[in-house]
Amino acid sequence: MITIRGLNKSFDGNCVLRGVDLDVEQGETMVVIGRSGCGKSVLLKHIIGLMKPDRGSIVVAGREVTRMDKRELNELRKMFGMVFQAAALFDSLTVAENVGFGLRRFTDMTQSEIAVKVAEKLELVGLSGAEPLYPAQLSGGMKKRAGLARALAMDPQIVLYDEPTTGVDPVLAASINELVRDLNTRLGVTSVVVTHDMASANTVGDRIAMLHEGVIRCVGTPEEIDTSDDPVCRLFVRGGAEEPVESEGAEHV
Amino acid sequence: MTGLLERLGSFSLNLFQRIGEVWLLFVRTVAYCRQVFANRRLVLLQMVEIGVNTVPLVAIMAFFTGMVIAVQTGYQAVRFHLEGMVGPIVGLSLTRELGPVMTGVIVAGRVGAAIAAQVGTMKVTEQIDALETLATDPVEYLVMPRFIAAIIMLPILTVCADVVGITGGLIIAVTQLGRDANLFLTVTFRQMEVSDVMSGLIKSAFFGMIVAIIGCYQGLTTTGGAEGVGKSTTRAVVLSLMLILVSDFFLTVLVLGGKP
């Protein structure tokens, strides 16, 4: 479904991605873990075409994203949903208008049909009745759930999650994890989840990829990652405080 | 010496890059203008924000400007027994020059700053990215409605400024110079031509373009959180004001064709 090859990206001479290779199969949930600032969100933004790489290719559903013009990208984006770290809800719109944004612009649905669909998605994320509220009236967790409802409103085939459980309480984090898992098993949605929350990664991930110093250091099932011999991976998974001893190259478990 | 040349080169490159980016934004915005009907609700909202909500400010400015021109010219005119010229001077200076320029300046300060702050905040809080992930081009959704609204509302605001300003001049002419109101208005409108009003309206539409494009450009290129939003807002106002004043000269020459 998503194939990334040799992805490179620098900002003002600071090389963030140094040749990322990653495959995400259709219907699977791939979790990308890594330390803060290692380029996880940058990788996610490349997949949906928000950033252009310096080098490398990204193929989504058989189409090369990096060479698309604006119109082609907008067509491709209709199969995506994206959940932002800080929700990124539109301040000037209500929750209902935020969630129904894509439905209003790209479907022939009537106002009442949109209202029904918005209510359905809000119920899915446990936010029933929040339709008339503005983002400023929501708590951090509610914003996150509204952002999730907006990402799911158009019934996307691929959902990208940028730190979906960061900054929410453990109960809500568990319900978000359950929702991601449920979307994957029930609807066959392909997901890429960026997180540094190992509990979340182990719960939702079919496979986990570790991004370290601009490359994918190791890829495997949660069990394989948990028992990995790679020192960087082991340190991250077990939450050590010291820099690991560097080993040569990337190791795939 | 090398350092100086390097800095000069870097400054020039940066300047040309920005001019190119603004031009590109303008071209893309004009291309999206054919989508105006599909986005009519957004355009109407912006017309209220840019136009209707600015009317009180423009009216106060125009009223006092008209009165000041009348006081100043009246003071001189009395000495030469030319009190009858106060009306045409107020009318012509407002419709041809002060109406559009001062309206442009007020809109640049009030609306240009608001556009840059709003779009800039959306940029730093990833709302622009969110728009793009929802298959919506920010130029179509944010820039084009503001651009159209500014082009439509600036001339309307300028007409308000002209009418209120002449009224201010009339009050001074009647109360301070003892002129007859009917005579004041008759002489004023007899000396004014349609082209005088039209030249002001054409200029104001152009100023509307400047305010909308510069405000949106500064907003869309904002980086660095709240501080970045503040800098973008300041830059949007300063740049809009400069461009309004500079382009006013060239537009005056162009529209009037050197006609005195």
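Remarks
- Being touching a Lys or Arg at 6+ places or on another chain (Cβ under 8 Å) and either β-branched (Val, Ile, Thr) or surrounded by fewer than 15 Cβ atoms within 10 Å (Cβ to Cβ) (or both) is a property that holds for A:VAL32.
The rows are residues; the columns are (1) within 14 Å of chain A (Cβ to nearest Cβ); (2) surrounded by fewer than 17 Cβ atoms within 10 Å (Cβ to Cβ); (3) free of Cβ contacts under 8 Å to residues at least 60 places away in the same chain.
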{"residue": "B:LEU131", "(1), (2), (3)": "yes, no, yes"}
{"residue": "B:ILE148", "(1), (2), (3)": "no, no, no"}
{"residue": "B:ASP162", "(1), (2), (3)": "no, no, no"}
{"residue": "B:GLY165", "(1), (2), (3)": "no, no, no"}
{"residue": "B:ALA173", "(1), (2), (3)": "no, no, no"}
{"residue": "B:VAL187", "(1), (2), (3)": "no, no, no"}
{"residue": "B:GLU193", "(1), (2), (3)": "no, yes, yes"}
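- Residue check, A:VAL42 within 14 Å of another protein chain (Cβ to nearest Cβ) and within 29 Å of A:ASP226 (Cβ to Cβ): yes
- Restricting attention to the stretch A:156-191, the residues that are of a type in the set (Asp, Glu), closer than 28 Å to A:VAL59 by Cα, outside any helix (DSSP H, G or I) and out of contact with any Leu (no Cβ under 8 Å at 6 or more places or on another chain) add up to 1.
- Any pair with Cβ under 6 angstrom, 6 or more apart, that starts in the stretch B:210-227 at a residue that is on the phi < 0 side of the Ramachandran plot and ends at one that is in a helix (DSSP H, G or I) and of a type in the set (Phe, Trp, Tyr): B:ALA212/B:PHE147; B:ILE213/B:PHE26
- Residue that is farthest from B:ALA117 (Cα to Cα), among those in the stretch A:77-91 that are facing another protein chain (nearest Cβ under 8 Å) and assigned to a loop (DSSP other than H, G, I, E, B): A:LYS78
- For the stretch A:63-92, taking the residues that are without any contact (Cβ under 8 Å) to a residue 24 or more places away in the chain and of a type in the set (Asp, Glu), the one that is surrounded by the fewest Cβ atoms within 10 Å (Cβ to Cβ) is identified as A:ASP69.
- Screening the candidates A:VAL99, A:VAL125, A:VAL118, A:VAL95 for the property of being crowded, with 19+ Cβ neighbours inside 10 Å, within 12 Å of another protein chain (Cβ to nearest Cβ) and β-branched (Val, Ile, Thr) yields one hit, A:VAL99.
- Subset of the stretch A:130-158 [farther than 22 Å from A:LEU76 by Cα and out of contact with any helix residue (DSSP H, G or I) (no Cβ under 8 Å at 6 or more places or on another chain)]: A:ALA136, A:GLN137, A:SER139, A:GLY140, A:MET142
- Screening B:ASP137 against (1) in contact with a Lys or Arg (Cβ under 9 Å, 6 or more places away or on another chain); (2) crowded, with 19+ Cβ neighbours inside 10 Å; (3) not hydrophobic (A, V, I, L, M, F, W, C) leaves a single unmet condition, (2).
No lab work stands behind these numbers, since they all come straight from the coordinates. This structure is a prediction, so every number in the text was calculated from the model and none was measured. Using ideal geometry, Cβ is built from the backbone for each residue, glycine included, and neighbour counts are taken over all protein chains shown.
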